[in-house]
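Structure, as structure tokens:
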Amino acid sequence: MGYRDHQQEVTATFADRYGEHPAVVARAPGRVNLVGGHVDYNDGIVLPAAIDRWTVVAARPRSDGRLRAHSTHMDESVDARIGDEVDGWAAYVVGTATLLADAVDESVGADLAIDGDVPLGAGLSSSASLEVAIAGALDGAHDLGLGERRIAELCWEAETEVVGVDCGIMDQFTSALAHPDHALRIDCRSREVDSVPFVSEAMGLLVVDTNVSHDLADSGYNDRVRECDEAVAALDEVLDRRVRSLRDVTPADVDAHIDDLTPPLARRARHVTTEIRRAEAAADALARGDVKTLGELVWASHRSLRDDFEVSCAELDVVVDAFHDCDGVYGARMVGGGWGGSVVALVQPGGAEAVTEHVEARYRSAAGIECDVYEFDVAGGLAVETLTSG
Ligand code: GLA
């Protein structure tokens, strides 16, 4: 099903539940990240791409601050007010609406119907795509004129406040700002965003969901954020210049001050400082269409996330190793926060079928469960359509 089908479904659901047509339909994609793992909250460089899986939201404005939402994905509804505390997926809806209402200082109530096909819990940013689609729908329905960048910033705030994960800006920025057929080079310090052509004639995207999501995902993530902060404080003491984040540190600084850092902090800092350089090199390689060099940086990114940052797990490593055995694979690495979720691989066009068979068989025998394999196209970010019948 493409987003047009989801749009039709969500419009029909809306009419069914609320007895009226929606005024707008917004869609926002999930994402993969090619290189730049766990560097967004260290002011680093990331190289993500939006995928052709979407959260689609139909909306009609209300003037009484009430939010009624129905998710076909979850087959659940919520009826709340801006500012209410609710749980689960509804928290993303109400949390995003509340941040938006605060930012524009007006009530942004609405009736909403939500559908979509971003795999959940797979490290592909289904939550960011939900936030961005909700914000885009409310922006369109109330004619707020916020623009994609402001929407991305507000959705990032919603994620950190609602979920309590100290995540970086990558997911919401990608879902809101991506251009079709382009990856994004995001400088998470300056928040400058550049589009880099994806060269889909030279490579395709395969994503393997391991179907494991470890409990560590949230707590372990926040631990890593804290360790990076500790490394910054330690290096700020010993370097002869101001260190505000690991962006201000080079891999050579880390080597020179290895004794000033406890062993895990040294490894964490080494990952972040080398990964930022890999992401910069990867963006340059992609811009030149040099998929071989890009692929080498992708493999190296996984090794560093596994050994120095220690956010991989046995299931992710099995999949990356299985890709490594195959011809026609430029590179593969884990995506997302870690300890489960998905692996992204860059493969030669036409090579996906044989590679998929090999990876599925290896995973089945090593992990004892099935993985899900997806072939994605690189998509554009948030799009909002006003419906004439609305
Ligand atoms: C999660 C977070 C992102 C980013 C990645 C790791 O997806 O939401 O902000 O930190 O992990 O690169």
ask   = For Asn222, all conditions in the list (1) closer than 19 Å to Asp43 by Cβ; (2) among the polar types (S, T, N, Q); (3) free of Cβ contacts under 8 Å to residues at least 24 places away in the same chain hold save one; what is the number of the exception?
value = (3)
request  = Can you work out which of the residues in the range 188-200 that are more than 13 Å from the ligand (Cβ to nearest atom) and in a loop (DSSP other than H, G, I, E, B) is surrounded by the fewest Cβ atoms within 10 Å (Cβ to Cβ)?
outcome  = Ser190
task = Check off (1) closer than 14 Å to Ala122 by Cβ; (2) surrounded by fewer than 18 Cβ atoms within 10 Å (Cβ to Cβ) for Glu360 and give me the number that stays unchecked.
result = (1)
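Okay, residues lined up against (1) surrounded by 15 or more Cβ atoms within 10 Å (Cβ to Cβ); (2) touching a Leu at 6+ places or on another chain (Cβ under 9 Å); (3) within 26 Å of His324 (Cβ to Cβ):
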residue	(1), (2), (3)
Glu227	yes, yes, no
Arg241	no, no, no
Asp253	yes, yes, no
Ala282	yes, yes, yes
remark   = Filtering the range 265-302 down to residues that are farther than 20 Å from Ser245 by Cβ and not aliphatic (A, V, I, L, M) yields Asp284, Arg288, Gly289, Asp290, Lys292, Thr293, Gly295, Glu296, Trp299, His302
request  = Show the residue pairs that are 6+ apart or on different chains and have beta-carbon atoms under 6 Å apart, the first residue being within the range 161-173 and in contact (Cβ under 8 Å) with a residue 24 or more places away in the chain, the second being more than 7 Å from the ligand (Cβ to nearest atom) and part of a loop (DSSP other than H, G, I, E, B).
outcome  = Gly168/Cys188; Ile169/Cys188
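Yes/no matrix, rows are residues, columns are (1) surrounded by fewer than 21 Cβ atoms within 10 Å (Cβ to Cβ); (2) of a type in the set (Val, Ile, Thr); (3) within 12 Å of the ligand (Cβ to nearest atom); (4) not in a strand (DSSP E or B):
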site	(1), (2), (3), (4)
Arg149	yes, no, no, yes
Glu153	yes, no, no, yes
Ala158	no, no, no, yes
Val165	yes, yes, yes, yes
Gln172	no, no, yes, yes
Ala183	no, no, no, no
Ile186	no, yes, yes, no
Ala202	yes, no, no, yes
Val207	no, yes, no, no
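Read-outs throughout are calculated quantities, based only on the coordinates presented, and are distinct from any laboratory measurement. Everything numeric here is computed off the predicted structure, so don't read it as measured data. Note that we place each Cβ from the backbone using ideal geometry, even for glycine, and neighbour counts take in every protein chain shown.
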